[in-house]
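S.K.: First the structure, which I've put down as structure tokens, then a few questions once you've had a look.
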Amino acid sequence: MINKSYKDGESINSLKKAMDKDHLIIHNLLNKFEKEISEDFEKSKNTFNRLRWILEKHFFVEEKIIFSVYLSIIDEENEYINKLLMEHEKIFRLLNEIEEDLLDNKKSDISEIKLLLRAHSRFEDDFFYPKIDEEISEKEKLKILNRIEEVIIK
């Protein structure tokens, strides 16, 4: 169950905090993959598969839960969500290219996806999620956080 307690008058429920954890896992896996692709190519394939799976789940949570609930609350188009969705598409295209290289036993240049993922998560962490946390009510945040919890298999 999502923590519903309060500290210093402010809710500790935060979309930013919830998504920060995922971003850390993603960046750690990306760094591990980058290291392994040079040192242990076969092992890098497994790390890549895990990275891809984590990203697929992360984007699913964002697109199907966070973005859809937030859009229903604000009831209008949102340029930031459109930007993030376009970045998701580009990240998936880059993942597909890396996967093709791995299947052909070729080392892939991951510099573009690395830069894009860092910029993407920085935008979400520094601007997008704090903005949502500020704009929506505690009840709405709990609705989103509980839906996220329903999706995550422990």
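Only the coordinates and a few stated rules stand behind these numbers; no lab work does. From a predicted model like this one, the values you see are computed outputs, not experimental measurements. Cβ coordinates were reconstructed from backbone atoms using ideal geometry, including for glycine residues, and neighbour counts include every protein chain displayed.
S.K.: Given a Förster distance of 30 Å, report the FRET efficiency between His27 and Leu103 from their Cβ-Cβ distance, rounded to the nearest 0.05.
M.R.: 0.75
S.K.: Ok, one more. When Tyr129, Tyr80 are ordered from fewest to most other Cβ atoms inside 10 Å of their Cβ, what list results?
M.R.: The order, fewest Cβ neighbours first, is Tyr80, Tyr129.
S.K.: A further question on this structure: Measure nothing but the geometry: give the 0 to 90° angle between the long axis through the Cα atoms of 138-151 and the longest principal axis through the Cα atoms of the chain, rounded to 10°.
M.R.: 40
S.K.: Would you list which lysines come within 27 Å of Lys106, measuring only between C-alpha atoms, while excluding same-chain residues fewer than 8 positions from it?
M.R.: Filter leaves Lys32, Lys35, Lys43, Lys45, Lys57, Lys90, Lys114.
S.K.: To continue, here is another question. In region 12-151, if the dipole is taken from +1 on Lys/Arg beta carbons and -1 on Asp/Glu beta carbons about the Cα centre, which of Asn31, Met86, Leu142 is farthest to the positive end?
M.R.: Of the listed residues, the answer is Asn31.
S.K.: Sticking with this structure for a sec: Please work out which option in (i) 1.02; (ii) 0.92; (iii) 0.97 gives Rg/Rh (Cα atoms, Kirkwood Rh) calculated from these coordinates, and answer with its label.
M.R.: The listed entry that was calculated here is (i).
S.K.: Here is a further query. Before anything else, pin down the relative contact order of region 1-149: Cα pairs under 8 Å, at least 6 apart, normalised by residue count, whole percent.
M.R.: Computed over region 1-149, the figure is 38 percent.
S.K.: For Asn78 and Phe60, calculate 0.36 nm times their separation in residues minus their Cα-Cα distance, and state this gained length in nm to one decimal.
M.R.: Result: 4.7 nm gained on full extension.
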